[in-house]
Each structure stands twice: as structure tokens, then as C-alpha cells.
Amino acid sequence: MSGTDLEELSVVATAEETDLPWCVVVHDDPVNLMSFVQLVFRRIFGYSTEKAMALMLEVHHAGRSIVWRGEREKAELYVQQLQSYQLLAVMERVEE
């Protein structure tokens, strides 16, 4: 393979990686109150009280919860917003 072929493969692979669904994951922490976590989910994602509570309880009981799935750029924004509220949030690529 020539250098040009490798560059084209790299561009295709990078484009495919950004197109894959991404998950925003929130991990449990010993600092934030459950009511605060629920409030943050409602503010950032616009979730109903019931959905925010269900996700918060999953974080609390399971230690983590996937709170959103979608495109990479939006996932990066959500992680940044969650972290600005001092929540332990990361993004993970969904392997299909």
C-alpha cells in the first residue's frame, strides 16, 4: 500500500468512528446528593422527573448508568456539561 492509500483508509476509519453511536455514562460518586443528580439530568437532557429519577437510581444502585446515546459531538458536549456540575461522566463508543 502506498502512503496515499493509508491516508484514505485512515480518513474512512475516522469517519466511521465518529458515526458510531456513543454513550454518555454517569458513574456513582460519594459526593453528590441523589436529588442533585436528578436535577442535573432534568436540566441537561430535559428528562421528565420520572426518567431522571430512574437514571439516578440506576447510577446509585448499579454504580453507573447510560444516560444518553447518539452522535459523538453531542456526547462530548453532554459529558462536558455533566462534568461542569461535578458529576463523574464519560463517553464510550457503542460496539455493535
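The values are calculated or read from the model by the stated rules, or taken from the named source; none is laboratory data. A quick note: this is a predicted structure, and the numbers were derived from the prediction, not measured. Neighbour counts run over all protein chains shown; Cβ positions are idealised from the backbone, glycine included.
Residue check: is Leu57 surrounded by 14 or more Cβ atoms within 10 Å (Cβ to Cβ), at pLDDT 95 or above and either among the hydroxyl-bearing types (Ser, Thr, Tyr) or over 21 Å from Leu20 (Cβ atoms) (or both)?
Values: surrounded by 14 or more Cβ atoms within 10 Å (Cβ to Cβ): yes; at pLDDT 95 or above: yes; either among the hydroxyl-bearing types (Ser, Thr, Tyr) or over 21 Å from Leu20 (Cβ atoms) (or both): yes.
In short, yes.
Scan the stretch 46-74 residue by residue and report those that are under 12 Å from Leu87 (Cβ atoms) and either over 11 Å from the mean Cα position of the chain (by Cα) or not hydrophobic (A, V, I, L, M, F, W, C) (or both).
Going residue by residue through the stretch 46-74, those that are under 12 Å from Leu87 (Cβ atoms) are 55-56, 59, 64-65, 67.
Leu55, Met56, Val59, Arg64, Ser65 - these are the residues of the stretch 46-74 that are under 12 Å from Leu87 (Cβ atoms) and either over 11 Å from the mean Cα position of the chain (by Cα) or not hydrophobic (A, V, I, L, M, F, W, C) (or both).
Return yes when Val79 is at pLDDT 95 or above and either surrounded by 15 or more Cβ atoms within 10 Å (Cβ to Cβ) or touching a helix residue (DSSP H, G or I) at 6+ places or on another chain (Cβ under 6 Å) (or both) and no when it is not.
Here the answer is yes, as Val79 does meet what is asked.
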